[in-house]
1. Could you compute how much accessible surface E172 exposes when probed at 1.4 Å, giving the result in Å² to the nearest 10?
2. Could you estimate the translational diffusion coefficient of region 1-99 from the Stokes-Einstein equation, with Rh from the Kirkwood formula over C-alpha pairs, at 37 °C and 0.692 mPa s, in whole µm²/s?
3. If you count the DSSP beta bridges with both ends in the chain, what percent of them are antiparallel, to the nearest 5?
4. Quick one: net charge of S228's neighbours, Cβ under 13 Å, K/R +1, D/E -1?
5. Just from its helices, what would the mean residue ellipticity at 222 nm be for the chain, if runs of 4 or more DSSP H residues each count -39500 (n - 2.57) and the sum is divided by every residue, rounded to the nearest 500 deg cm²/dmol?
6. Residue farthest toward the positive end of the dipole of region 103-228, with Cβ of Lys/Arg at +1 and Asp/Glu at -1: which of S190, G139, L160?
7. How large is the translational diffusion coefficient of region 37-170 in µm² per second when you combine the Kirkwood radius over alpha carbon pairs with Stokes-Einstein at 10 °C and 1.306 mPa s?
8. One-quarter of the Cα convex hull surface for region 64-131, in nm²?
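The values are calculated or read from the model by the stated rules, or taken from the named source; none is laboratory data. This one's a predicted model, so the numbers in the text were calculated from it and none came from an experiment. With ideal geometry, Cβ positions are generated from the backbone for all residues, glycine too; neighbour counts draw on all protein chains shown. Heavy atoms of the whole protein, side chains included, go into the accessibility calculation; ligands, DNA and RNA do not. Shrake-Rupley method; radii C 1.70, N 1.55, O 1.52, S 1.80 Å.
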Amino acid sequence: MTTAAARAVDLGNLWTLPGVYAPQADTHLLAQALHAEGITADMDVLDVCTGCGALALLAARMGARVSATDISRRAVMTARMNAARAGHRVRVLRGDLTGPVAGQRFDVVVSNPPYVPAPHARRTRSHSPAVAWDAGPGGRQALDRICAHTRDLLRPHGVLLMVHSGLCGVEETLRRLTETGLRCSVTDRSYVPFGPVIIKRLPWLLAQGLIGADEDTEELVIIRAERS
């Protein structure tokens with residue numbers, strides 16, 4: 001289990017426009033995994049669901065050529081603004097998940113996608129901030145699509161690093177990635193107190209059997225998947 005000290009990767013001084021997902025515990029856990037991956041200047045990195053651009057900028061500071069995607073116009077504006085402020089070149093594209101980079105290949109794909117279970121289907125064209133975390137009744141609307149398309153985005157020996165909650169099925173993610181031919185495992189995990197979104201929908205989550213009545217923490221996991 002990761003400690004707070006182990007997660008202390010400097011994400012820099014970031015601005016976040018209203019309605020854009022700001023770095024939280026999942027961002028920091030994924031940043032530690034990305035930092036440990038040993039990014040070098042000859043690598044191409046893709047950040048899917050970039051939000052304010054924190055992970056994209058971390059990869060850029062490590063020397064990589066970086067692309068990033070997000071469905072939110074405000075997120076794209078924020079990531080571009082943060083890249084300009086930091087003096088790094090990051091290609092930030094607006095679009096749904098991996099769609100904007102279809103047909104391209106990368107050495108590392110990193111993603112902190114929407115994964116919070118919600119009573120309704122995810123509205124990908126919504127302007128609500130909830131588009132950054134709501135992921136349908138099982139929490140897998142974005143996850144399943146990323147699992148299905150990642151292999152085609154990776155070069156030989158390329159790596160996917162993805163963070164998500166234990167609420168939406170860690171074993172299901174591992175199964176889906178394995179079925180595409182990737183070697184995958186959980187490489188890190190952390191437990192954090194329930195945040196405002198989870199607390200607000202606790203009655204629904206309890207009714208769905210996704211959490212127990214005595215639970216007050218959420219498991220976050222890092223999935224690492226590698227193409228042969």
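1. 50 Å²
2. Numbers: Rh = 13.4 Å.
Translational diffusion coefficient: 246 µm²/s.
3. Details: 17 of 37 bridges.
Given both bridge residues lie in the chain, the antiparallel proportion sits at roughly 45 percent.
4. Values: positive: R151, R155, R183, R227; negative: E226.
Net of charged neighbours comes to +3.
5. Working: 7 runs with 68 residues, N = 228.
Counting only the DSSP helices, I get -8500 deg cm²/dmol.
6. About the Cα centre, the residue reaching furthest to the positive side is L160.
7. Details: Rh = 14.9 Å.
The calculation lands on 107 µm²/s.
8. Values: hull surface 21.3 nm².
The orientation-averaged projected area of the Cα hull of region 64-131 comes to 5.3 nm².
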